[in-house]
1. For the stretch 128-201, what relative contact order do you get, as a whole percent, if you take Cα pairs closer than 8 Å and at least 6 residues apart?
2. What are the residues whose amide H is under 5 Å from the amide H of residue 123, where those residues sit 5 or more places off or on another chain and H is modelled from the backbone?
3. In the stretch 280-341, which GluC sites (Glu not before Pro) fall in coil by DSSP and have 14 or fewer other Cβ atoms within 10 Å?
4. Scan the chain and report its longest stretch carrying no trypsin sites (Lys or Arg not before Pro) that are both in a DSSP loop and have at most 11 other Cβ atoms within 10 Å.
5. Checking the a/c ratio against 1.5 first, then a/b against b/c, what shape does the Cα gyration tensor give for the stretch 1-142?
6. So how much slack lies between residue 101 and residue 133, counting 0.36 nm per residue of separation and subtracting their Cα-Cα distance, in nm?
7. Distance in nm between label sites at residue 147 and residue 15, each 7 Å beyond Cα in the beta-carbon direction?
8. Give me, ordered by chain and number, the residues 5 or more places off residue 274 or on other chains with an amide H under 5 Å from its own placed amide H.
Amino acid sequence: MPDLGKVDRAFFDEHVFPRLGADRDDVTVGPTHGVDFGLLDVGGRAVAIATDPVSVLPGLGFERAGRFALDFVLADVAVSGLPPSHLAVSFTLPPDLDDESFATLWESMHAEAEDLGVSIVTGHTARYAGCSFPWVGGATALAVGDHDSVIRPDRARVGDDVLVTKGPAVEATGLLTTLFPDQIELDEATLSAAQARLDEASCVRDAMTAAAAGGVHAMHDATECGLYGAFVEMASGADVRLDLSTSEIPIRPGVRETCDALGIDPWAATTGGTLVLAVDPDRTSDVVAALEAEGTPVGVAGTVESGSGVVVDGETIEHPGIDPSWAAYDRLAAAAGGEDD
C-alpha cells in the first residue's frame, strides 16, 4: 500500500510534472515541488493560486473547526506575501451532517474570511454517500498583488538569516490534546497549555506581517512533516544549505510534554501556524519586531550558507518523509473508539 500523505518527489517528477495540460504564457509559476502556490500573470498583476483539501474536525466544535479549516486553505497563498483575496470552496459533506451544524461551520468560515478581507466567490455544497470527516471537500484560494511583492519558498539567498515563528508541533499538540484529552497522560495544567496551541495554528496574519516588514526573500509554512520537512524543502528548493540551532527556536508551552507522552518527534510533526523565513540580515530586526508586536514568538534559528542540505545542531538531517502525528492520531482515535464500545 502506498504511503499516506503527499506523493514523493520521484513520483511527482515522473508522473505529475511532465503532464500539466496546455502550455500557457500567463502561467509564470506552475506546479513545483516544495512551492506552495502557482502564479499567474493577469493583465500585469500577479495572482497566486493554491488548492487544498477542506479538513473539518467536529471534535473541535463546528465554530472552531470552521476557522481552522479556512486558515488551512488560505495558508499556501499567504506565504506568497500577497494578501489572500478570493476563495472558491466545494463541500462533499457526510449524509448525517445536520443543517444547524453546517450553518455554524459556514458562519465561522464567513466571519474569518470577512476579517481577513477574503471574498468567497463560488463553490459547491452537497451531501454524498461515502463521504466522511475530516476530509469533506476542497478549496482554491487566490491572492492578488504586484509581481514585485511575491515571495517564494525557494528563493532563500546565501547570507540570509533564517527565522522561525512559534516553533515545532504547534498544530499537532493543539489538535491531538483537544480531540483526545482523555487519551494523553498529562497533568491538568499541561493539558490546558497544550490545548491552547490550537489557537496558534494559523499563519495567515503572520505571513502578512512579515511580508509588510520587508526583506523577506523566502517564506514556507511548516505543515506536513513539520519543521524538519520545511527546512529541507526550503534548502533544496533554493539549492543552499541551512545551518540552524534548535536552541534559538521558540518552543511553545505543552509541546515537549505532549510529544513525549505520544512518543513522537516534535520536529517532524505537523505544525500549521509556524513559518520559516529567509530574511535579509539588514531587515531581520524589523521582521522580528513586527511579529513580536503582534504577539508572535520568533527566533533567529541560523543562516543560509552556500552548499546543500540542512545542518541542525551540528548534525545533517533528512526529510522525515512520514509525519509521526498521523500514526499518533490513529492510535488515539482507536483508543477513544474502544472506550465508547
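Where a number appears in this text, it was derived from the coordinates with a stated rule and is not lab data. All figures in this text were calculated on a predicted structure; none of them were measured in a lab. Methodologically, a virtual Cβ is constructed for each residue, glycine included, from the backbone with ideal geometry; neighbour enumeration extends over all protein chains shown.
1. Values: 28 pairs, mean separation 22.4, N = 74.
Contact order relative to length: 30 percent.
2. Answer set, sorted by chain and number: 89.
3. Working: sites: 292, 294, 305, 315, 318, 339; in loops: 294, 318.
Counting only loop positions with at most 14 other Cβ atoms within 10 Å, the GluC sites (Glu not before Pro) in the stretch 280-341 are 294, 318.
4. Details: sites that count: 19, 24.
Formally, the longest exposed-site-free interval is 25-341.
5. Numbers: a/c = 2.19, a/b = 1.37, b/c = 1.60.
It comes out oblate by the Cα gyration axes.
6. On the way: separation 32, 0.36 × 32 = 11.52 nm, distance 1.31 nm.
Going from the current span to full extension adds 10.2 nm.
7. For the pair residue 147/residue 15, the computed spacing is 3.5 nm.
8. Sorted by chain and number, the residues that satisfy this are 222.
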